[in-house]
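The values are calculated or read from the model by the stated rules, or taken from the named source; none is laboratory data. This one's a predicted model, so the numbers in the text were calculated from it and none came from an experiment. Note that we place each Cβ from the backbone using ideal geometry, even for glycine, and neighbour counts take in every protein chain shown.
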Amino acid sequence: MHVRQYGLLIGIGIVVGVLLLSGLLFPPHAQFRGSLLDPPVPAPDFSLIRADGGLFTLSDQRGKIVLLFFGYTYCPDVCPTTLADLNAALKRLGRQAENIKVVFISVDPRRDTLQRAQSYAAAFNPAFIGLSGEEVDLQPIWQAYGVYRQVRDEVSRGESYLVDHSARVYLIDAQGNLRLTYAFGTSADDLVNDLRLILRDVRP
């Protein structure tokens, strides 16, 4: 072999080695973009009456992925933005979205009736589930998921008061484990990435 050709092959080998090490030639396995719980923990179970009179129990959703979000129907910004992003993510997943349930639980039971919570959630996607109830029933659920809520200016603003609340989305896998959480503002791209990874473990 000619010296120049031999040198060229060595040079190519070095470049390929660098690319392999850097992951540019064969990208590394996809990574989760949400906040990963490792190891995952069992999601706190709960039951709430649905607007249609049926009972929603989290543990009954095994085999499905559940995206759980706490908010309120009078929310001016965070809640509609989050639910719109969740809907956008599910639309991009196409038929795979049939294995995902989005559940919206109110942090403002005084104003959010069962019917109002369901209508609000369904306005973003007819398959979304909206839940509310008495504060005595919701409080243990808020506490179990570490949800912060604080009613503001209730006296001065009357029925127009605001509610400060945490705005994380909780991803519960098909085995009922809390796997990931997402901060407000997580993009639909990031949600789709993680959902596709999680969906690999869902049996058809």
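The figures follow:
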{"read-out": "Where Gln175 falls short, out of the listed (1) out of contact with any helix residue (DSSP H, G or I) (no Cβ under 9 Å at 6 or more places or on another chain); (2) in a strand (DSSP E or B); (3) modelled with pLDDT of 95 or more", "value": "(2)"}
{"read-out": "Qualifying residue in the range 67-86 (condition: farther than 18 Å from Tyr120 by Cβ and either among the charged types (D, E, K, R) or surrounded by 20 or more Cβ atoms within 10 Å (Cβ to Cβ) (or both))", "value": "no"}
{"read-out": "Top-ranked residue in the range 120-144 [being without any contact (Cβ under 8 Å) to a residue 24 or more places away in the chain and part of a helix (DSSP H, G or I); ranked as nearest to Asp77 (Cα to Cα)]", "value": "Ala123"}
{"read-out": "Flag if Val147 is under 19 Å from Arg110 (Cβ atoms) and assigned to a loop (DSSP other than H, G, I, E, B)", "value": "yes"}
